[in-house]
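Colleague: Handing you a structure now.
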Amino acid sequence: MNKILNMVLKRLGLGLLTLVIVSMLIFIGVEALPGDITEAILGQQATEETVAAFRKELNLDLPAHVRYSQWLYGIVQGDFGMSLANKQPIGEMIGWRLSNTLFLAVTAACICVPLSLILGILSALYRNTPFDRIVSMTSLSAISFPEFFVAYILIALLSVQFNIFPSMVTLDEDMSFFQKIYEVFLPCLTLSIVVMAHMMRMTRAAIINVLSSPYIEMALLKGIDRRRIIVEHAFPNSLSPVINVIVLNLAYLIVGVVVVEVVFVYPGLGQLMVDSVAKRDLPVVQSCGIIFATTYIFLNLTADILSRISNPRLLYSN
Amino acid sequence: MIKLFKRSPLSARIGMLVIAVNLFVCIAAPLIAPYGETEVIGEVWESVSAPNSILGTDHLGRDLFTRMVYGARNTVLLAIGITALAFFLGIFFAFLAAVLGGWVNQLLSRSVDILMAFPTLIFALVVLSVLGTSVPSLVFVLMIPAATRVYRLARALAMNINVLDYVEVARIRGEGIFWVISREILPNTLSPLAAEFGLRFCFVFLFISSLSFLGLGLQPPTADWGGMVRENAGAITYGIMIPLIPAAAIAQLTVGINLVVDWFLHESAGRVPEEI
């Protein structure tokens, strides 16, 4: 138990360190902007006084490390600063959008995790049969497709041809849960298809890897039922790679969500970030970037810790 | 080589054909395209049956087929260039880290760890918001994530070979670092690296397309498949399937490459026991 606690603390420390360095990079990146941020916003014709006043407003007259610690301190307290484009507090802009993005990602995860586990195990069990070939070809294509291709195929079919689901998502705060589910159905399905393909292929590979070990052959020779071998012998031992696969792919959702949100004009964080990049609204980009990066690092960390806990060999090696 | 081709399954042959056709279109783009890249030939979103064009027209009345052909050239060639650059950088630093070890290895590997802690698209968005969307910043943004992945693989491969006897012999013989890298390590890592090149190309290619789709990649009026999906996205609500055409074009190339890479990986994994 002590060993596990030790490992978890060590990983958490490493994760925190990564997070600090990543936040520094995001901050320094914006610092390294060619020219000056004031020039980008006020234009070339700005007088010296307006520039000086603007710099003071943004605290640009303070040294970089002071501004960094102020910025980080603010973020930890939920204060992300002001948007350059519309002078609104970023915290307010983000709050509702973040909850929408999480809603989409969580719904997609609820669909694709169980489905891809089942499909992965089935195609490992019946490998090299027509069933496996079909699943494998479909998932290979789904991996190769850009997210927006999958999205537009679904729109063309379910929204334009049959007019079942809306192609643009409109959400507001007093919608019921089922109304929301109906609205996010298409973006959710798109995300699930893309992520499921990855998850399923990796699950299949992990289980086949375990199935080729000698103790499985031994169990087969003893005459144990195939299903029991999978459930009792193979599955617990492939748990470590499978957990890893699942959590890593959830991290992949973070990236996929940006494109899917843009396709469906979904009022989420990804859409906000892309808009802000086009407007070069740097504080908003910074804030969204740090939220996405934190989630990503946190998920990777979870994958690492869980796979170490579920595999004692990893736990006791360094 | 010919023997290898004869053994290839149907799926790999289809993949090779797809890649060949795409490369041909890239190279011969001006010869194939019936109109100029930005030439307006008709009304907005004219249907496929329009007399003077094959695939109809886009949102500005330009010939879609012409745009597709030039799009192939712009997107695919840029992706090949970036992948090659990422490979050169990734492999060079990976081999250096593996051969030199010590603090060089630590410094390079930890820097790569940090870069890989960023989700790729988020990294790209942050950098593009700072540098603006120009081709050089696009190259930078696409190359760095690809190079880190290549570095990881190449370093692991090189580490395994670096401890083998014949590398030791070469060192004792007094060969320099670059001789060891280019004559001992590189030839023995070529086969997995070749497969990785295919996969990395897909990654870069999909990434450019996604960025262009988000309006942050190649800027109009340059034809680009991802950008064309974005420009024509509005058509789909009128039941016009034009945005699906460039999107399908992106998909066919990545599927083709994946088919070849799949077979190649299978082949190089399966060949080892036969030779032993």
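The values are calculated or read from the model by the stated rules, or taken from the named source; none is laboratory data. Bear in mind that the values here come from a model prediction, so they are computed numbers and not experimental data. Counting neighbours? That spans all protein chains shown, and the Cβs are built from the backbone with ideal geometry, glycine included. Side chains are part of the model used for accessible areas, which takes the heavy atoms of the whole protein and leaves out ligands, DNA and RNA. Shrake-Rupley method; radii C 1.70, N 1.55, O 1.52, S 1.80 Å.
Colleague: What do you reckon, is A:ASN249 in a helix (DSSP H, G or I) and either of a type in the set (Ser, Thr, Tyr) or buried (at least 21 other Cβ atoms within 10 Å of the Cβ) (or both)?
Modeller: On the way: in a helix (DSSP H, G or I): yes; either of a type in the set (Ser, Thr, Tyr) or buried (at least 21 other Cβ atoms within 10 Å of the Cβ) (or both): yes.
In short, yes.
Colleague: What's the number of the condition B:ARG230 fails, among (1) within 30 Å of B:LEU60 (Cα to Cα); (2) open to solvent by less than 20 Å² (accessible area, probe 1.4 Å); (3) touching a Gly at 6+ places or on another chain (Cβ under 9 Å); (4) modelled with pLDDT of 85 or more?
Modeller: If we test B:ARG230 against (1) within 30 Å of B:LEU60 (Cα to Cα); (2) open to solvent by less than 20 Å² (accessible area, probe 1.4 Å); (3) touching a Gly at 6+ places or on another chain (Cβ under 9 Å); (4) modelled with pLDDT of 85 or more, just (2) comes out false.
Colleague: Inspect all residues belonging to the range A:265-274 and state whether any of them is of a type in the set (S, T, N, Q), assigned to a helix (DSSP H, G or I), farther than 24 Å from A:PHE185 by Cα and within 13 Å of chain B (Cβ to nearest Cβ).
Modeller: Let us first name the residues in the range A:265-274 that are of a type in the set (S, T, N, Q), namely A:271.
If we keep only those that are assigned to a helix (DSSP H, G or I) too, we end up with A:271.
With farther than 24 Å from A:PHE185 by Cα added as a condition, the list becomes none.
Looking for residues that are of a type in the set (S, T, N, Q), assigned to a helix (DSSP H, G or I), farther than 24 Å from A:PHE185 by Cα and within 13 Å of chain B (Cβ to nearest Cβ), one finds none in the range A:265-274, hence no.
Colleague: Right, another one. For the range A:207-263, give me the residue count where each residue is of a type in the set (D, E, K, R) and under 30 Å from A:ILE193 (Cβ atoms). Full working, then the answer.
Modeller: The initial filter retains those residues of the range A:207-263 that are of a type in the set (D, E, K, R), namely A:217, A:222, A:225-228, A:232, A:261.
This time we only want the ones that are under 30 Å from A:ILE193 (Cβ atoms), so: A:226-227, A:261.
Number of matching residues: 3.
Colleague: Which residue is nearest to the other protein chains (Cβ to nearest Cβ), if the candidates are limited to the range A:118-140 and must be more than 26 Å from the chain's Cα centre (by Cα) and among the aliphatic types (A, V, I, L, M)?
Modeller: Checking each candidate, the answer is A:ILE134.
Colleague: Checking B:ALA195 against (1) open to solvent by 10 Å² or more (accessible area, probe 1.4 Å); (2) over 16 Å from A:VAL263 (Cα atoms): exactly one of these is not met. Which one?
Modeller: Among (1) open to solvent by 10 Å² or more (accessible area, probe 1.4 Å); (2) over 16 Å from A:VAL263 (Cα atoms), B:ALA195 violates only (1).
Colleague: Go through (1) away from chain B (no Cβ under 14 Å); (2) under 27 Å from A:PHE145 (Cα atoms); (3) not basic (Lys, Arg) for A:PRO236 and report which single condition fails.
Modeller: Just one mismatch for A:PRO236, condition (2).
Colleague: In the range B:204-224, what residues are within 12 Å of another protein chain (Cβ to nearest Cβ), open to solvent by 30 Å² or more (accessible area, probe 1.4 Å) and not in a helix (DSSP H, G or I)? Walk me through how you get there before you give the answer.
Modeller: Going residue by residue through the range B:204-224, those that are within 12 Å of another protein chain (Cβ to nearest Cβ) are B:205-217, B:219.
If we keep only those that are open to solvent by 30 Å² or more (accessible area, probe 1.4 Å) as well, we get B:206, B:219.
Across the range B:204-224, the qualifying residue is only B:GLN219.
Colleague: Separate question: Could you give every pair whose Cβ atoms fall below 7 Å, whose first residue belongs to the range A:126-138 and is under 14 Å from A:ALA197 (Cα atoms), and whose second residue is hydroxyl-bearing (Ser, Thr, Tyr) and open to solvent by 100 Å² or more (accessible area, probe 1.4 Å), counting only separations of at least 6 or pairs across chains?
Modeller: Close Cβ pairs (under 7 Å, with a partner that is hydroxyl-bearing (Ser, Thr, Tyr) and open to solvent by 100 Å² or more (accessible area, probe 1.4 Å)) amount to A:ASP132/A:TYR126.
Colleague: If you don't mind, another one. Filter the range B:49-73 for residues that are crowded, with 24+ Cβ neighbours inside 10 Å and either over 20 Å from B:MET228 (Cβ atoms) or among the polar types (S, T, N, Q) (or both) and give the result.
Modeller: B:THR57, B:THR66
Colleague: Next question, about the same structure. Within the range B:236-248, track down each residue that is assigned to a helix (DSSP H, G or I) and facing chain A (nearest Cβ under 10 Å). Break it down into steps so the answer makes sense when it comes.
Modeller: Initially, the range B:236-248 is screened for residues assigned to a helix (DSSP H, G or I), giving B:236-238, B:244-248.
Once the filter is applied, which keeps residues that are assigned to a helix (DSSP H, G or I) and facing chain A (nearest Cβ under 10 Å), the range B:236-248 yields B:ILE236, B:THR237, B:TYR238, B:LEU244, B:PRO246, B:ALA247, B:ALA248.
Colleague: Quick check on the range B:104-157: of everything there that is within 8 Å of another protein chain (Cβ to nearest Cβ) and open to solvent by 50 Å² or more (accessible area, probe 1.4 Å), which residue is farthest from A:PHE292 (Cα to Cα)? Please lay out each step first, then the result.
Modeller: So in the range B:104-157, the residues within 8 Å of another protein chain (Cβ to nearest Cβ) come out as B:113-114, B:117-122, B:125-132.
Retained after the next criterion (residues that are open to solvent by 50 Å² or more (accessible area, probe 1.4 Å)): B:113, B:131.
Details: B:ASP113: 17, B:LEU131: 20 Å.
Among them, the one singled out is B:LEU131.
Colleague: Let me ask something additional. Sort out which residues of the range A:141-184 are more than 21 Å from A:MET200 (Cα to Cα), more than 9 Å from chain B (Cβ to nearest Cβ), part of a helix (DSSP H, G or I) and not hydroxyl-bearing (Ser, Thr, Tyr), and write them in order of number. Explain how you work it out, then say what you get.
Modeller: Within the range A:141-184, the first condition is being more than 21 Å from A:MET200 (Cα to Cα), and the residues that meet it are A:152-153, A:155-184.
Filter again for more than 9 Å from chain B (Cβ to nearest Cβ), leaving A:157-158, A:162-166, A:169-184.
Keeping just the survivors that are part of a helix (DSSP H, G or I) gives A:157-158, A:177-183.
Answer for the range A:141-184, where residues must be more than 21 Å from A:MET200 (Cα to Cα), more than 9 Å from chain B (Cβ to nearest Cβ), part of a helix (DSSP H, G or I) and not hydroxyl-bearing (Ser, Thr, Tyr): A:LEU157, A:LEU158, A:PHE177, A:PHE178, A:GLN179, A:LYS180, A:ILE181, A:GLU183.
Colleague: Scan the range B:160-180 and tell me whether some residue there is touching a residue at least 60 places away in the same chain (Cβ under 8 Å) and of a type in the set (D, E, K, R).
Modeller: no
Colleague: Mind listing just one residue for me: the one in the range A:282-294 that is surrounded by 21 or more Cβ atoms within 10 Å (Cβ to Cβ) and more than 7 Å from chain B (Cβ to nearest Cβ) and, of those, nearest to A:SER99 (Cα to Cα)? Explain how you work it out, then say what you get.
Modeller: Start the filter on the range A:282-294 by keeping residues that are surrounded by 21 or more Cβ atoms within 10 Å (Cβ to Cβ), which leaves A:282, A:284-290, A:292-293.
Cutting the leftovers down to more than 7 Å from chain B (Cβ to nearest Cβ) gives us A:284, A:286-288, A:290.
Details: A:VAL284: 17, A:GLN286: 18, A:SER287: 15, A:CYS288: 13, A:ILE290: 16 Å.
Going through the qualifying residues, I end up with A:CYS288.
Colleague: Here is a further query. Is it the case that some residue within the range B:163-177 is farther than 30 Å from A:THR138 by Cα and open to solvent by less than 20 Å² (accessible area, probe 1.4 Å)?
Modeller: Just the residues of the range B:163-177 that are farther than 30 Å from A:THR138 by Cα, to begin with: B:163-177.
If we keep only those that are open to solvent by less than 20 Å² (accessible area, probe 1.4 Å) too, we end up with B:167, B:170.
Looking through the range B:163-177, at least one residue is farther than 30 Å from A:THR138 by Cα and open to solvent by less than 20 Å² (accessible area, probe 1.4 Å).
Colleague: From the list A:GLY91, A:GLY13, A:GLY29, which residue is at pLDDT 70 or above and loosely packed, with under 11 Cβ neighbours inside 10 Å? Quick ask: steps written out before the conclusion?
Modeller: On the way: A:GLY91 fails: loosely packed, with under 11 Cβ neighbours inside 10 Å; A:GLY29 fails: loosely packed, with under 11 Cβ neighbours inside 10 Å.
Step by step, each of A:GLY91, A:GLY13, A:GLY29 is checked, and only A:GLY13 is at pLDDT 70 or above and loosely packed, with under 11 Cβ neighbours inside 10 Å.
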